[in-house]
Amino acid sequence: MLKWLLVGLVVFLVYRFAMKRPRYDRLFSPDHLIELSRGVGRAKETALRRAGEGPPADPFAEGNAFITSADIAVVYTVAEAGKDGREHHVSLSFRGGALARAAAGFLAAALCRLLGLGEMQRVLAVSNSGVYHLIFQVSSADEEGFAARSVPKLDDASARRLVGVAMEDRGPLLARLGKLDVKVPK
């Protein structure tokens, strides 16, 4: 009797552990990229309107942040960088805990394509809190064109193509993954 009770307990613990692990199958789907393209388009527009104003008290209420159906929190901010233009910053985190490195690379690569960054210099870094940051600078000369360029609305076929392209593009981004030491106020 005790043997079966212990076996049952082990099975229950394994089940609980498996169910608490993040599930990334939804994150890599074309539907998620369609959702991401819509959300980042709105967040980019809002962040550009707020450029230089500092971070909003509630970025989700302001519109420059959103949470996807795969529990990915995306926050888009724009800061003035003096004569050099503006620094764009997209933060990615998983609401259920730590975001896997490969998933962050995939999302960052997809965002680079959606935002039309092309050969523009960019950095993907992870903070000590596990949040990933895609940072790129848009020069003063290019800022107007970048702001006017909308994020494409994906259909199912283009989202499927983007899944493959983002899988290929994530390697170079992750190879140069940086570290950020973010001090969180207590």
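The values are calculated or read from the model by the stated rules, or taken from the named source; none is laboratory data. Just so we're clear, the structure is a prediction, and the values are computed from it rather than from any experiment. Using ideal geometry, Cβ is built from the backbone for each residue, glycine included, and neighbour counts are taken over all protein chains shown. The protein model used for the area step is the full one, side chains on, heavy atoms only, and it has no ligands, DNA or RNA in it. Shrake-Rupley method; radii C 1.70, N 1.55, O 1.52, S 1.80 Å.
Mind listing whichever residues of segment 46-72 are among the hydrophobic types (A, V, I, L, M, F, W, C) and modelled with pLDDT of 85 or more?
Listed by number, the residues that qualify are 47, 48, 65, 66, 67, 70, 72.
Give the residue, chosen from 173, 114, 154, that is touching a residue at least 40 places away in the same chain (Cβ under 8 Å) and more than 14 Å from the chain's Cα centre (by Cα).
154
Check off (1) open to solvent by less than 20 Å² (accessible area, probe 1.4 Å); (2) closer than 19 Å to residue 179 by Cβ for residue 121 and give me the number that stays unchecked.
That leaves (1) as the condition not met.
Suppose the filter is open to solvent by less than 50 Å² (accessible area, probe 1.4 Å), of a type in the set (A, V, I, L, M, F, W, C), in a strand (DSSP E or B) and at pLDDT 90 or above; does residue 75 pass it? Break it down stepwise before answering.
Working: open to solvent by less than 50 Å² (accessible area, probe 1.4 Å): yes; of a type in the set (A, V, I, L, M, F, W, C): yes; in a strand (DSSP E or B): yes; at pLDDT 90 or above: yes.
When the stated conditions are applied, residue 75 passes them.
Read through the list (1) open to solvent by 100 Å² or more (accessible area, probe 1.4 Å); (2) at pLDDT 90 or above; (3) more than 22 Å from residue 153 (Cβ to Cβ), then give the number of the only condition that residue 95 fails.
(2)
Can you name the residue in segment 28-66 that is in contact with a helix residue (DSSP H, G or I) (Cβ under 9 Å, 6 or more places away or on another chain) and open to solvent by 70 Å² or more (accessible area, probe 1.4 Å) and, of all such residues, is farthest from residue 155 (Cα to Cα)?
So, considering only residues that are in contact with a helix residue (DSSP H, G or I) (Cβ under 9 Å, 6 or more places away or on another chain) and open to solvent by 70 Å² or more (accessible area, probe 1.4 Å), the one farthest from residue 155 (Cα to Cα) is 62.
Rundown of residues vs (1) among the charged types (D, E, K, R); (2) outside any helix (DSSP H, G or I), yes/no style:
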| position | (1), (2) |
| --- | --- |
| 136 | no, yes |
| 142 | yes, no |
| 146 | no, no |
| 151 | no, yes |
| 154 | no, yes |
| 157 | no, no |
| 161 | yes, no |
| 168 | yes, no |
| 173 | no, no |
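For residue 129, are the conditions met, namely being hydroxyl-bearing (Ser, Thr, Tyr) and either part of a loop (DSSP other than H, G, I, E, B) or open to solvent by less than 10 Å² (accessible area, probe 1.4 Å) (or both)?
yes
Can you name the residue in segment 79-92 that is more than 24 Å from residue 169 (Cα to Cα) and in contact with an Asp or Glu (Cβ under 9 Å, 6 or more places away or on another chain) and is also surrounded by the most Cβ atoms within 10 Å (Cβ to Cβ) among such residues?
Within segment 79-92, the first condition is being more than 24 Å from residue 169 (Cα to Cα), and the residues that meet it are 79-86.
Right, trim to in contact with an Asp or Glu (Cβ under 9 Å, 6 or more places away or on another chain) and you get 79-81, 85-86.
Working: 79: 16, 80: 12, 81: 15, 85: 16, 86: 23.
Selected residue: 86.
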